[in-house]
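The values are calculated or read from the model by the stated rules, or taken from the named source; none is laboratory data. It should be emphasised that the depicted structure is a prediction, and the values quoted were computed from it without experimental measurement. Positions of Cβ are backbone-derived with ideal geometry, glycine not excepted, and every protein chain shown enters the neighbour counts. Protein only, heavy atoms only, side chains kept; ligands, DNA and RNA dropped before computing areas. Shrake-Rupley method; radii C 1.70, N 1.55, O 1.52, S 1.80 Å.
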Amino acid sequence: AHGNCPLPLAPCTRYLARMAQPPLISLSDVRLSLGAKPLFEGVTLSLSKGERAALVGRNGAGKSTLMRIISEQAEADSGQVWRQPGTTYATVVQEPRFDDYDTVLAYVSDGLEYDYMAEAELMEFGVDGSTDPKTLSGGQQRRVALARAFAAEPDVILLDEPTNHLDVPMIEYLEGRLKAFNGVVLVVSHDRRFLENISTNTLWLRQGVVLKSPDGYVKFDEWAEAIEVEEERQLKRVTTQLKAEQHWLARGVTGRRKRNQGRLAKLHDMRAQHGAMRAALNDRKNTAEFSAGVGDSMSKKVIEVKDLSKTFDTPNGPLVIADGLSIKILRGDRIGIIGPNGAGKTTLVRLLLGEIEPDAGSIRHAKTLDVTYLDQTRDTLDPKDTIWEALAPSGGDSLMVQGQQRHIAAYAKDFLFKTEQLRQPVGALSGGERNRLALAIGLAKPSTLLVMDEPTNDLDLQTLDLLEDMLLAYEGTLLLVSHDRAFLDSTVTSCLCPLGNGKWVQTAGGWTDAQDQLAQVRRNGEDDARSAKAKPAEAPKPKPQNKLSFKDEHRQKEIDALIPKLHAEIAKLEKELADPALYSRDPKAFNAKSERIGAARAEADAAEMEWLEIEEKREALTS
């Protein structure tokens, strides 16, 4: 179980108790190559009942492929994969497919003997079973996929980025369900707090092998650092031995060929070992290098808001984003804007930046305010541009990075882009690659105010660490919208939290501190409400509306039909734009498709946001 870890296994009663259980899954020397590139060099591991393993490693290390091998969706080139007979699996993939199902209930109950488990799980995850699955938003798709996994009552649950599109309350509910699960859990996630809360041990996939820690992800950094320190010691010893053997080889072996062939073979093995050890040490260190420059503004006051109010008229009544909000944002402040989906976080940011006019109140900006805004839709990227063109829109082979000239290839390398990728169109990039490119463009410009909306999406854990370091070193002002609790705790000094009906409260510290302070605010509000009940009763208020208006119901049905069409169109365009010969074969078609995919993504995002706003009204009316 200790795998290839060079450190001795410390006594751990909890770990040994788990290992006393017979394994449900066991892999021995599993090897796999993708083309000429070896992905797994020899993976050996076992998972027993009660283990909740966090599978970590760099993007492209093969985490998702390893999960497919475990769940019998893919085969290895060699090695043994043993599964206890009768073991059942449930897999939650990043993009579930609903093509063959007319309702959510049909999807969740597929393969079940009775529907009641599917109905119960859908109720737990807050999704109506009669909904057409093709109309689901990203968050609802994730909840439906989770409901299907739990309804099957499997022995093994495999989760690939399960927290994507989920807000914090749903993430916390999922944590509770997984900790109560009695089988094996294997999870890949970029959400560190989630991994810390649910994992009992950690699988570290690096350089084609898996190292297994007896502890959860909460101790991963300490464990990984100890491994790397030991490997550095071994590397120094091997380097010294290698120099001695190379000196011997330089003197020649011809005269004593038979006697020295074994020593020569040992030298070749040492060279291979030396290269593998150096590559392993570089693997964790070879990640993106982020830095952000600060503009020249000396103004202490960045944004001053007084009595800000903004309400949107909707068919179901007013939607209040802000009501009498007053706040001062000073140079050096790092503010996290938190809250559930649909709370109006992004809209509030746009109000603060002056992109949306308020109904009342005033917003004053510093005279020399330089803003870098990285929004979660990555709308600043033109899909028909290449990576090179996106980094240097004015042409040439260099760009200004925080006032210094940098070659495009060298700067792109900081964000993990290879030289051969620079002529690839933006429209063909993955979500993680688009995120890194948007960061590269945004962070090249010096700014006094850095605004980031969900910057952690699709970034691997090592890249997140580097991004955190950059933000901590940033001397300007930061506004950060995020659901990533660990990221917020590491980067912000205060939080702006919604209380409902356009009211916001600013709390000191990160996300964890905000929860304690919000609990106190709510307790104070309950005390005020009890005091108010003791006063003479006021005139009765009209009976509140408890269901959506006809217009909202009709509009939501229209959106339900529109969203799957847009997603299907986007998927088709992505597949067509991925053809490397398309541009040379038909430049006009390439440009047209690139323009359309950008518009389709914007339409899909707008439709999903409108759907969520209507759904938020429904929940508010029925709560």
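Which order do you get for 359, 605, 313 if you rank them by accessible area with a 1.4 Å probe, largest at the top?
On the way: 359 90, 605 60, 313 145 Å².
Largest accessible area first, the list is 313, 359, 605.
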With a sphere of radius 12 Å drawn around the Cβ of residue 330, what net charge do the other residues whose Cβ falls strictly inside it have (Lys, Arg +1; Asp, Glu -1)?
+3
Distribution of pairwise C-alpha distances over segment 317-473, 10 Å bins, in %:
9, 34, 33, 18, 5, 0
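Which links in 179/575; 328/384; 301/413; 413/445 stretch past 29 Å when you go from one Cα to the other?
Numbers: 179/575 39 Å; 328/384 40 Å; 301/413 36 Å; 413/445 17 Å.
179/575; 328/384; 301/413, as the Cα separations exceed 29 Å there.
Tell me the net charge near residue 90. Cut-off is 10 Å between Cβ atoms, residue 90 excluded, with +1 for each Lys or Arg and -1 for each Asp or Glu. Mind dumping the intermediate values first?
Numbers: positive: 148; negative: 153, 155.
Neighbourhood net charge equals -1.
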Give me the dipole magnitude in Debye, nearest 20, for segment 321-474 about the Cα centre, with unit charges on the beta carbon: positive for Lys and Arg, negative for Asp and Glu.
380 debye
Using only the alpha carbons of segment 394-439, determine the length spanned along each of the three principal axes and report them from longest to shortest in whole angstroms.
29, 18, 18
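Using R₀ = 45 Å, calculate the FRET efficiency as 1/(1 + (r/R₀)^6) where r is the Cβ-Cβ separation of residue 380 and residue 28; round to 0.05. Each step should come with its number before you reach the end.
Details: r = 48 Å, r/R0 = 1.07.
Given R0 = 45 Å and the Cβ-Cβ separation, E is 0.40.
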When the C-alpha atoms of segment 436-509 are aligned to their principal axes, what extent does each axis show, in angstrom, from largest down?
37, 26, 20
Give me the distance in nm between label points sitting 7 Å out from Cα along the Cα-to-Cβ direction at residue 300 and residue 499, one decimal.
2.8 nm
Run the simple label-point estimate for residue 64 and residue 398 please: 7 Å along Cα→C-beta, distance reported in nm.
3.8 nm
Inter-part distance where segment 567-606 and segment 341-404 are each reduced to a Cα centre, Å:
24 Å
If I take R0 = 45 Å and measure r between the Cβ atoms of residue 473 and residue 114 in this structure, what FRET efficiency does the formula 1/(1 + (r/R0)^6) give, to the nearest 0.05?
0.20
Distance between Cα centroids, segment 415-452 to segment 68-118: provide it in whole Å.
35 Å
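Looking at the P(r) of segment 16-135, how many percent of alpha-carbon pairs lie beyond 23 Å?
Values: 3468 of 7140 pairs.
Cα-Cα pairs of segment 16-135 separated by over 23 Å account for 49 percent.
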Of 483, 554, which has the most accessible area with a 1.4 Å probe, and how do the rest follow in descending order?
554, 483
Mind checking which aspartates and glutamates have their C-alpha under 16 Å from residue 572, skipping anything on the same chain fewer than 8 residues away?
95, 99, 595, 603
